[in-house]
Structures are given as C-alpha cells and as structure tokens.
1. Please build a GNM for the chain, connecting alpha carbons under 10 Å apart, and tell me which residue among Met106, Met25, Met72 fluctuates the most.
2. Alpha carbons only, please: Rg and Dmax for segment 76-184, in angstrom.
3. Counting C-alpha atoms alone, how compact is the chain: give Rg to one decimal and Dmax as a whole number, in angstrom.
4. Taking the simple approach of a point 7 Å from Cα along Cα-to-Cβ for both Ala13 and Leu60, what is their distance in nm?
5. Can you pull the percent of Cα pairs in segment 35-118 with separation above 16 Å?
6. Give a quick list of trypsin sites (Lys or Arg not before Pro) in segment 77-123 that DSSP marks as loop, anything other than H, G, I, E or B, with at most 13 other Cβ atoms within 10 Å.
7. Below 8 Å, C-alpha to C-alpha, sequence gap of six or more: please give me the relative contact order for segment 1-149 in percent.
8. At Asp110 and Ala152, where each label point lies 7 Å from the Cα along Cα→Cβ, what is the point-to-point distance in nanometres?
Amino acid sequence: MTAIQAHPVHDVAHEAHRLTVDTGMPFAAFRERYERAVPPLDMAEFERLRLSGADWDAVLRTVADNAPHGFMIFWSLDNTAIMHGSGDRWRSVQYLMGNQTIAQRMFHHDPGVLLYAPLRTTIYEDARGVTRFSFDQPSAQFASFGDPEIAAVGVELDRKVAALLDHLGVPVPERLVPAGGATR
C-alpha cells in the first residue's frame with residue numbers, strides 16, 4: 001500500500017497597501033478617460049496569434065501596439081448594474097488591468113503570481129459623490145512571493161501604475177515612486 005503524502009498548506013501573511021486617489025472628475029468622465037488609456041484586451045487578436053503559431057516576439061509587439069500605457073483591460077464588471085435591485089445607488093465599476101508580457105516575467109518564476117496579475121482596480125463614487133480610483137500596490141503583492149526577481153517586476157509595476165495615473169491627470173501616491181523618482 002502506498003502512503004499518501006499530505007500536501008502542506010503554505011500560509012504567507014503579507015501587508016497590502018490599498019491606494020485610493022480622488023480623481024477630481026465626474027465618474028463618467030474619469031471612467032471614459034481610464035478606458036481610453038487602458039483599452040480592452042483583444043482576445044480575438046491573441047487567439048489569431050496563437051492559432052498562427054506566432055512566437056513570443058509577435059506577442060510582445062502586439063501588446064506594445066495595443067497597450068499604449070502598458071496595460072489592457074482583461075475583464076470589467078459594472079457593479080452599479082448588478083447591485084441595482086438592492087436599493088444602493090453607488091456608481092462603481094471594477095477591472096482586471098494587466099499586461100501578459102509583464103506577468104510572464106513573474107510567471108516564469110512562479111505561476112502563483114497570477115493571483116495578483118492582472119491587477120484589480122475599481123472606480124467608484126464615495127458617499128460625498130467624489131470619484132475615486134482604488135487599487136492595491138503591486139510591489140506589496142508581488143514581494144510576498146519571496147523572490148527578488150518577482151519583487152523587482154512588482155516595483156516596475158508600481159512605476160507603470162504611477163505613469164498611468166500621471167497620464168490620467170490624477171494624484172500619484174508617493175508610495176508608488178521612489179524618493180526623487182519620476183513617473184515616466
């Protein structure tokens with residue numbers, strides 16, 4: 001009789017930094033600006049590449065052409081619509097924003113990184129009607145894997161998110177940019 005080995009549970013506690021910025025814009029205006037800067041992932045194009053046997057360089061070029069600010073929307077959900085019957089009248093939409101060519105550089109070391117890639121973001125109006133953009137700091141999430149190469153990509157993602165926020169014309173949290181660093 002073969003002994004069945006138990007698979008240990010790997011429990012990693014890590015600190016998350018949820019960053020929320022006041023966009024200074026009406027909800028619809030900021031949502032439109034965000035969705036222009038972060039276009040949807042064109043799955044048909046990536047399926048075409050896969051079926052044609054395209055190499056990784058072709059994927060890199062396609063992503064560069066389709067992610068003008070380094071990110072694409074992999075998924076979105078209009079929370080306002082699904083919560084409508086509850087009586088709550090918040091305006092809120094959430095996204096998975098990412099770039100598979102960046103994620104691959106971490107996935108190469110540990111496929112578990114896909115727990116945090118793509119990045120989860122939310123646009124919502126608070127109780128005063130202020131439109132906010134919220135996300136968890138990428139470097140804090142990816143540092144939890146204990147691999148310096150994954151952590152370095154997390155820091156790079158901090159800077160890419162900072163550059164996106166700068167492009168969107170909203171405040172860039174200091175936590176995303178090293179002291180004296182630029183967002184671009």
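Values in this text are rule-based calculations from the coordinates and carry no lab data. Model, not experiment: these values are computed from the prediction. Using ideal geometry, Cβ is built from the backbone for each residue, glycine included, and neighbour counts are taken over all protein chains shown.
1. Fluctuation is largest for Met25.
2. Looking at segment 76-184, its Cα Rg and Dmax stand at 15.7, 48 Å.
3. My reading of the Cα-based Rg and Dmax gives 18.5, 67 Å.
4. 4.1 nm
5. Numbers: 2143 of 3486 pairs.
I get 61 percent for the Cα pairs in segment 35-118 exceeding 16 Å.
6. Working: sites: Arg89, Arg91, Arg105, Arg120; in loops: Arg89, Arg91.
Hits after loop and neighbour filter: Arg89.
7. Details: 193 pairs, mean separation 46.4, N = 149.
Taking the mean separation of contacting Cα pairs over the length of segment 1-149, I get 31 percent.
8. Distance between label points: 1.6 nm.
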